[in-house]
Amino acid sequence: MNMIIQQPVSFSHRARVLRAMGLTPWVRRTLPFTPAIEEGLEVSLIAATGDCVVVIPEGCSVRELDLLGRALSACGAPLARAARLTVSGGQLAADVPQARAYLVFGEAQAHALGRSLPATVMHRAQIVLADEPARVLTSADAKRRLWSALRSVRRALATAGD
């Protein structure tokens with residue numbers, strides 16, 4: 001059986017063909033920001049824009065992280081790409097990014113966030129508390145509270161974007 005072997009098309013040729021067809025090529029945008037990892041602080045691209053920050057306890061299992069990832073992805077891009085901070089030893093890193101909303105999993109993490117953020121940032125931001133990920137896996141009430149917390153964060157981001 002004969003196969004047609006396609007040669008790679010150059011970018012300029014592709015652009016000319018698309019322009020002749022009346023199509024506008026889309027180019028994926030990237031930010032000139034690389035994620036930094038230092039002392040348990042994982043900052044993702046969303047920290048640069050300041051939409052949402054998720055604060056989780058240290059030592060979450062793979063199942064717990066998977067559950068959180070799926071729940072955040074279900075709520076749209078601003079939450080799916082939210083920066084994730086890990087609390088280790090009751091402390092966050094000194095340079096917590098400023099955001100419009102903070103989703104905090106557990107009271108210990110809320111206390112650590114409260115000690116790290118300036119009062120003016122805490123006053124302007126929406127801080128929503130949810131149960132710890134281990135509890136969310138085992139309790140239906142905790143799952144309901146998580147969905148309520150996610151709705152609150154989405155509403156806060158939607159009103160802040162206007």
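The values are calculated or read from the model by the stated rules, or taken from the named source; none is laboratory data. Given the structure is predicted, the values throughout are model-derived calculations rather than measurements. Cβ sites come from the backbone with ideal geometry, for glycine too, and all protein chains shown count toward neighbours.
As a summary of the residue check, Thr24 satisfies the conditions (1) over 20 Å from the mean Cα position of the chain (by Cα); (2) among the β-branched types (Val, Ile, Thr); (3) modelled with pLDDT of 80 or more except for the one numbered (3). When each of Arg154, Arg81, Arg135 is tested for being basic (Lys, Arg), within 19 Å of Asp51 (Cβ to Cβ), touching a helix residue (DSSP H, G or I) at 6+ places or on another chain (Cβ under 8 Å) and without any contact (Cβ under 8 Å) to a residue 60 or more places away in the chain, the lone residue that passes is Arg81.
If you filter the range 71-92 down to residues that are surrounded by fewer than 18 Cβ atoms within 10 Å (Cβ to Cβ) and not in a strand (DSSP E or B), you find that the one that is modelled with the lowest pLDDT is Gly90.
Annotation: of all residues in the range 108-162 being hydroxyl-bearing (Ser, Thr, Tyr) and out of contact with any Leu (no Cβ under 6 Å at 6 or more places or on another chain), the one that is modelled with the lowest pLDDT is Thr159. Of the residues making up the range 112-155, those that are polar (S, T, N, Q) and more than 18 Å from Leu79 (Cβ to Cβ) number 4.
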